[in-house]
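Inspection log for the structure reproduced underneath, given as structure tokens.
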Amino acid sequence: MKFGILVNEGPYTHQSSDSAFKFAQAAIAKGHEVTRVFFYHDGVNNATRLTVPPVDDRHVVNRWAELGEKHGVDLVVCIAAAQRRGLLDDNEAKRQGKDANNIHPAFRISGLGQLVEAGIQNDRLVTFGD
């Protein structure tokens, strides 16, 4: 079975990101495919490369990045939600006249069309968070 995942909540403040990550791990371990994780609303905060959790805590951003790189999962951040929260990749930072970017390189910024496509091209689209 092919899964798309929608994450609507940020890391460390809500269980949604952890639950989505564990779901993705379990699905892959059972032989299913997770094609895309779309980060929307506060979920875009899962993609910041500036996160520095304490050494005895999980590193949510790195976990997602490693999952994406190891299993070919497309990690997509909603452009509008990201811009509202000050999250920019290099291209968007330049386009908006900003002097820095803060999106982890394992993630990419795109529009809601990527979420729609995940819903169409997968057997299931599983949502985590409000």
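Taken together, the values in this text are just the output of simple stated rules run on the coordinates, not laboratory data. Remember, it's a predicted structure, so these values are computed and weren't measured experimentally. We place every Cβ from the backbone using ideal geometry, glycine too, and count neighbours over all the protein chains shown.
Think of the stretch 2-128 as a dipole: +1 on every Lys or Arg Cβ, -1 on every Asp or Glu Cβ, centred on the Cα centre; then among Leu67, Val37, Leu112, Leu112 lies furthest on the positive end. Spin-label pair Ile28-Leu112: with each label point 7 Å from Cα along the Cα-Cβ axis, the two points sit 2.9 nm from one another.
Between Gly31, Gly68, Gly43, the GNM of the chain built on Cα springs shorter than 10 angstrom shows Gly31 fluctuating the most. Only lysines eight or more places from Lys98 in sequence, or on another chain, were considered; none has a Cα closer than 21 Å.
Stokes-Einstein diffusion for the stretch 2-128 at 25 °C, viscosity 0.890 mPa s, with a Kirkwood radius from C-alpha pairs, works out to 169 µm²/s.
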